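*Asks:* One structure coming up, written as structure tokens, with questions to follow.
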Amino acid sequence: MNMMNAINAIAIITVITAAGMKKMRVRGMGGARVRGVRVARPFALLLICGGLFLLALSLVSCGGGAAEQSPGADAGQAGQTEKAGQAEQAPGSGAASADGAGSADGSGPLDGADGGLIVVGFSQVGAESDWRVANTKSMKAALSEANGFKLILTDAQQKQENQLAAIREFIAQKVDYIVLAPVTEQGWDETLKEAKAADIPVILVDRMIQTSDDSLYTCWVGSDFRKEGETAVAWIKEAFSGKDRLVIVHLQGSLGSSAQIGRTEGLDAGLGANAAWELAVRESADFTQVRGKEVMDRILKQFGRIDVVYCENDNMAFGAMDAMDEARRSYGVHGETAIVSFDATRKGLEATLAGKINYNIECNPLHGPRVAQIIRQLENGAVPGKLAYVDETAFDAATITQGEIDARDY
Ligand code: AHR
């Protein structure tokens, strides 16, 4: 029996008892009757009034009691309690910094008007590399329900048509935000115009798009791929200074992607500026280890001397090393061919520490908290910067430490 039922029962018993008392005393009157009536009537009236008050109180409260008993109402109540809890937490967690953004790591619940979840449709490129897997993990962790988001994640399997279809589906679903990691730079305008017409902000992550209308996306966060390429070229220049001939093999990422374009531009600038550098061959291996091996298998059959293999990500470098192992060609710090790679994932750094990769340029995949932060800003009416480049570094086999690998999150 809960509190309201108890009050209800007490009220009813009190009223009945008081009424009974009054009757009894009135019935047995006589000489004593006057005294009895004089003494008992106010007491009985008091009991009746008190009982009626308790009865009224219990009736007023009985709506809650009834809802509790209904499974549906129970569920509704539980939901409301949870939402109220979220709304209460939000201002505090609103870890809301001065600029209206949430906590720096993107954690903590959001303060949606009704405490509801913010629906985010994320079109991911695929799962072609360790970097990409780490990126997906970061997005899932930051855009979690515990943090106030409902994430709809789609894997495009490295096909732009799948991303275009996913965006249209997000629009049909009326999501609150669209997050796009574009597989390629070209060909987005028409679909993003539809998102704009539906008034859904589009946040670009990792790679960029080429468009004549910047208003088709709200903002972008990702890597400076050209700078990554330039960092690699600066190392090659230093490591091979004084050589009168440098034969370079270039394994490219997915053609048309920002990561490929920027890293290739960096190398092209190096080739243009260094007369001794010679591009033996360049071919795309789509950022995957399997393709990296396939392509390198063929290249090794064609070329004897290779001084540098410039691999546009770690997984293609692993594939190239697999091919070189099979072909019994030496590589790395103590080999005939230097390996330059991008991403600096944990496995990539382990290969660097082992001296298999000579130089590894970081590409940071931990965009989840950054995207969550951007959404917080937008939710709070702040305007995030249009373009945000993440800080990145590079690792040389000659100086990398185990501590740097241990500190790696991915
Ligand atoms: O766009 C980032 C690149 O895409 C990473 O270098 C690569 O590993 C990924 O697939």
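No lab work stands behind these numbers, since they all come straight from the coordinates. Here the structure is a predicted model, which is why all the values come from computation and not from measurement. Note: ideal-geometry Cβ built from the backbone for every residue, glycine included; neighbour counts use all protein chains shown.
*Asks:* May I ask for the net charge around Arg305, where only other residues with Cβ less than 11 Å from the Cβ of Arg305 are counted and Lys, Arg are +1 while Asp, Glu are -1?
*Replies:* Result for the neighbourhood of Arg305: -1.
*Asks:* A follow-up question, please. For a test of the definition: using alpha carbon positions, the gyration tensor, and the 1.5 limit on a/c, classify the stretch 186-283 as rounded, prolate or oblate.
*Replies:* It comes out prolate by the Cα gyration axes.
*Asks:* Another one. Just to verify a number: FRET efficiency for Ser215 and Gln173, C-beta to C-beta distance, R0 = 30 Å, to 0.05?
*Replies:* So, using R0 = 30 Å, E works out to roughly 0.85.
*Asks:* Sorted by mean Cβ packing within 10 Å, highest first, what order do the peptides 259-266, 321-328, 342-349 take?
*Replies:* 342-349, 259-266, 321-328
*Asks:* Now for a separate question. Hey, what D do you get for the stretch 120-214 in µm²/s if you plug the Kirkwood alpha-carbon radius into Stokes-Einstein at 4 °C and 1.567 mPa s?
*Replies:* Stokes-Einstein gives a translational diffusion coefficient of 97 µm²/s.
*Asks:* Cut-off is 10 Å between beta-carbons; in what order do Met296, Met316 appear when sorted fewest neighbours first?
*Replies:* Lowest count first: Met296, Met316.
*Asks:* Grab the Cα-Cα distance for Gln186 and Asp325, subtract it from 0.36 nm times how many residues apart they are, and report the gain in nm with one decimal.
*Replies:* 46.3 nm
*Asks:* Let me ask another. Taking 0.36 nm per residue of separation and subtracting the Cα-Cα distance, what length does fully extending Val119 through Glu336 add?
*Replies:* My answer for the length gained is 72.9 nm.
*Asks:* What residues qualify as long-range amide H neighbours of Glu336, i.e. H under 5 Å apart, gap of 5 or more or another chain, H built at 1.01 Å from N?
*Replies:* Ser330, Tyr331
*Asks:* Could you tell me which residue out of Ala195, Phe170, Thr264 lies farthest along the dipole of the stretch 136-272 toward its positive end? Charges go on the beta carbon: Lys and Arg +1, Asp and Glu -1, centred on the Cα centre.
*Replies:* Highest projection toward the positive end goes to Thr264.
*Asks:* If the chain between Glu283 and Asp297 were fully stretched, how many nm would it gain, using 0.36 nm times the residue separation less the Cα-Cα distance?
*Replies:* So the extension gain works out to 3.8 nm.
*Asks:* On a straight-distance basis, which aspartates and glutamates could pair with Lys137 in a cross-link, Cα separation under 15 angstrom, same-chain partners fewer than 8 positions away excluded?
*Replies:* Asp105, Glu128, Glu145, Asp155, Asp206, Asp409
*Asks:* Please find the FRET efficiency linking Ala198 to Ala388, where r is the Cβ-Cβ separation and R0 is fixed at 30 Å, and quote it to the nearest 0.05.
*Replies:* The formula returns an efficiency of 0.75 here.
*Asks:* Related question: In nanometres, what is the gap between the two model label sites at Ala234 and Asp268, each 7 Å from Cα along Cα-to-Cβ?
*Replies:* Between Ala234 and Asp268, the label points sit 2.1 nm apart.
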